[in-house]
Structure formats: structure tokens, C-alpha cells
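Novice: To start, I am sharing the structure in question, which I have written as C-alpha cells.
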């Protein structure tokens, strides 16, 4: 039986503020649980997770303050959201690397995951051939 392959979905890049706040809170809670995600996962990237936790905490405060409608606070929330997206992308990449040896890490990380439906990943040539055939198709519309 083949191993189940999971990958982290990057849907957090396009979430509206409230759903993004909920997502960041869920990921922060999951990643701070040392029983599920030990410090050894972070290795040389410990500064990344510390910076993410600090930005997530600040985002939580600013998010709640922005509910009062201050344009300055809303602008600060948007800047923090952009910064958190960069951190989340880096963390997701790191967790996917760790998942090679510990696949369960993705399931407990708080990120949304998707199963890889292929029995083997496609190589670059197959992807380019597929894209070329899609481009040659006449568009109905």
C-alpha cells in the first residue's frame, strides 16, 4: 500500500481578514503545541517561528482594534497580514520538507492540507505537455 501524500494548501493567501485571523490563530495554536510539533522540527529556523508567533500575537491585537473602524489600524492590520503570509509560506515549505520523514506533521500543523491524488508526482515535462495541450484547445465562450 502506497503512503498517503499530503501537501499544504496555500489558500491562506486569499482569505478575507476575519477568516485569515481565524486561520492564523489555528496555526499558531497548533504550532505552539510542543507535543505535536517539537522544537527539533525548527532546527536552524527557530527565529522564523519566533517571528511568526510575535507577528501573530500582534495581528490578533490589531485585528480586534480594527473592528472599531480606524483606518490607520486597518492599514496596519493589512501590513501585518502581508507579513504573516510571507511567514506562513516559509513555514509551510519547511513543514513540507519535514513531512518527507514525518508525514503526520502536516496533519497536526493547523494548515489546510490536500491529498496528492497521483500515485507518483508528475515531472516538469509532463506538466508542460499538459499545459501545451490545454493552450491548443479552442476556447468555447
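The values are calculated or read from the model by the stated rules, or taken from the named source; none is laboratory data. Remember, it's a predicted structure, so these values are computed and weren't measured experimentally. For neighbour counting, all protein chains shown are included, and Cβ atoms are generated from backbone atoms with ideal geometry for every residue, glycine included.
Novice: Residue check: is residue 105 surrounded by 11 or more Cβ atoms within 10 Å (Cβ to Cβ), at pLDDT 80 or above, touching a helix residue (DSSP H, G or I) at 6+ places or on another chain (Cβ under 6 Å) and not in a loop (DSSP other than H, G, I, E, B)?
Specialist: So residue 105 fits the description; yes.
Novice: While we're on this one: Is it fair to say residue 68 is surrounded by fewer than 17 Cβ atoms within 10 Å (Cβ to Cβ) and assigned to a helix (DSSP H, G or I)?
Specialist: No; evaluated as a whole, the condition is false for this residue.
Novice: Can you confirm whether region 118-137 contains a residue that is in a loop (DSSP other than H, G, I, E, B), at pLDDT 85 or above and closer than 30 Å to residue 40 by Cα?
Specialist: Within region 118-137, none of the residues are in a loop (DSSP other than H, G, I, E, B), at pLDDT 85 or above and closer than 30 Å to residue 40 by Cα.
Novice: Right, next: Do we have residue 77 as touching a residue at least 60 places away in the same chain (Cβ under 8 Å), buried (at least 16 other Cβ atoms within 10 Å of the Cβ), in a helix (DSSP H, G or I) and more than 15 Å from the chain's Cα centre (by Cα) here? Give the steps one after another, and end with the answer.
Specialist: Working: touching a residue at least 60 places away in the same chain (Cβ under 8 Å): yes; buried (at least 16 other Cβ atoms within 10 Å of the Cβ): yes; in a helix (DSSP H, G or I): yes; more than 15 Å from the chain's Cα centre (by Cα): yes.
So residue 77 fits the description; yes.
Novice: Note down all Cβ pairs under 8 Å where the first residue falls in region 51-64 and is touching a residue at least 12 places away in the same chain (Cβ under 8 Å), the second is surrounded by 14 or more Cβ atoms within 10 Å (Cβ to Cβ) and not in a helix (DSSP H, G or I), and they're at least six residues apart or on different chains.
Specialist: Short answer, once both residue conditions are applied: none.
Novice: Please go through region 1-50 and give me each residue that is free of Cβ contacts under 8 Å to residues at least 60 places away in the same chain and touching a strand residue (DSSP E or B) at 6+ places or on another chain (Cβ under 6 Å), ordered by number.
Specialist: Within region 1-50, no residue meets the criteria.
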